[in-house]
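Participant: My questions all concern the structure below.
What follows is calculated from the coordinates using simple rules that are stated; it is not laboratory data. Because the structure is predicted, anything quoted here is derived from the model rather than measured. In this analysis, Cβ positions are derived from the backbone assuming ideal geometry, glycine residues included, and neighbour counts consider all displayed protein chains.
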Amino acid sequence: MTYTLTEFLAHAVAMEQEAADRYLELADMMEAHRNDAVAALFREMHRFSLMHRDSILERARPHALPQLRSWEYRWRSPPEVGGEEAFDYMLEPYNALRYARVNEVRALKFYRGVAAQAQDEELRRMAAAFADEEREHAQALDEWLARTPRPAMTWEEDPESLEPLE
């Protein structure tokens, strides 16, 4: 499915806002359960999502973006917003980082898909640039994961685990 440039930008802004909202919700929940290390990680991801949203809004400034209603988006849930698996108050920092990384990889794939299907050169260039930014976010999370102690059981071993990372 192809996008116009303004449709794409509206979707990208919404995706980052939804991700920011989810990370803030998770941070608040972790804080309420005194899981302060994970709360801090999710607050940092919230901040990164807002920064990325603001960067997209800056790039979109010359364009009038459509004001899409929730049912007008081309997804059931935004690609950068994970499911309910992180709503476990005992979540450990390593698994919180994995959750965030999976979300970044999902967004990366979304942007790559848009770039691959784009007919408009500016849209293709912008979607590819957003994909590169998401790849950088995933790489930063890889660095955090490398410095974070692994718990005794990871999501790979959990029968209700996330899909493996690529």
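Participant: Which of the residues belonging to the stretch 118-140 are within 18 Å of His63 (Cα to Cα) and free of Cβ contacts under 8 Å to residues at least 60 places away in the same chain?
Facilitator: Glu121, Arg124, Arg125, Ala129
Okay, residues lined up against (1) more than 16 Å from the chain's Cα centre (by Cα); (2) free of Cβ contacts under 8 Å to residues at least 24 places away in the same chain; (3) crowded, with 19+ Cβ neighbours inside 10 Å:
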site	(1), (2), (3)
Leu97	no, no, yes
Val102	no, no, yes
Arg112	no, yes, no
Ala116	yes, yes, no
Asp142	no, no, no
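Participant: Within the stretch 118-134, is even one residue in contact with a Pro (Cβ under 8 Å, 6 or more places away or on another chain) and surrounded by 12 or more Cβ atoms within 10 Å (Cβ to Cβ)?
Facilitator: No, there is no match, as no residue in the stretch 118-134 is in contact with a Pro (Cβ under 8 Å, 6 or more places away or on another chain) and surrounded by 12 or more Cβ atoms within 10 Å (Cβ to Cβ).
For (1) over 30 Å from Glu122 (Cα atoms); (2) touching a residue at least 12 places away in the same chain (Cβ under 8 Å); (3) charged (D, E, K, R); (4) not in a helix (DSSP H, G or I), each residue gets a yes or a no:
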| site | (1), (2), (3), (4) |
| --- | --- |
| Tyr3 | no, yes, no, yes |
| Leu9 | no, yes, no, no |
| Met15 | no, yes, no, no |
| Ala19 | no, yes, no, no |
| Leu24 | yes, yes, no, no |
| Ala27 | yes, yes, no, no |
| Glu31 | yes, no, yes, no |
| Ala37 | yes, yes, no, no |
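Participant: While we're here: Take Asp54 and tell me if it is surrounded by fewer than 19 Cβ atoms within 10 Å (Cβ to Cβ), out of contact with any strand residue (DSSP E or B) (no Cβ under 9 Å at 6 or more places or on another chain) and more than 20 Å from Leu108 (Cβ to Cβ).
Facilitator: Taking the combined requirement at face value, the residue does not satisfy it.
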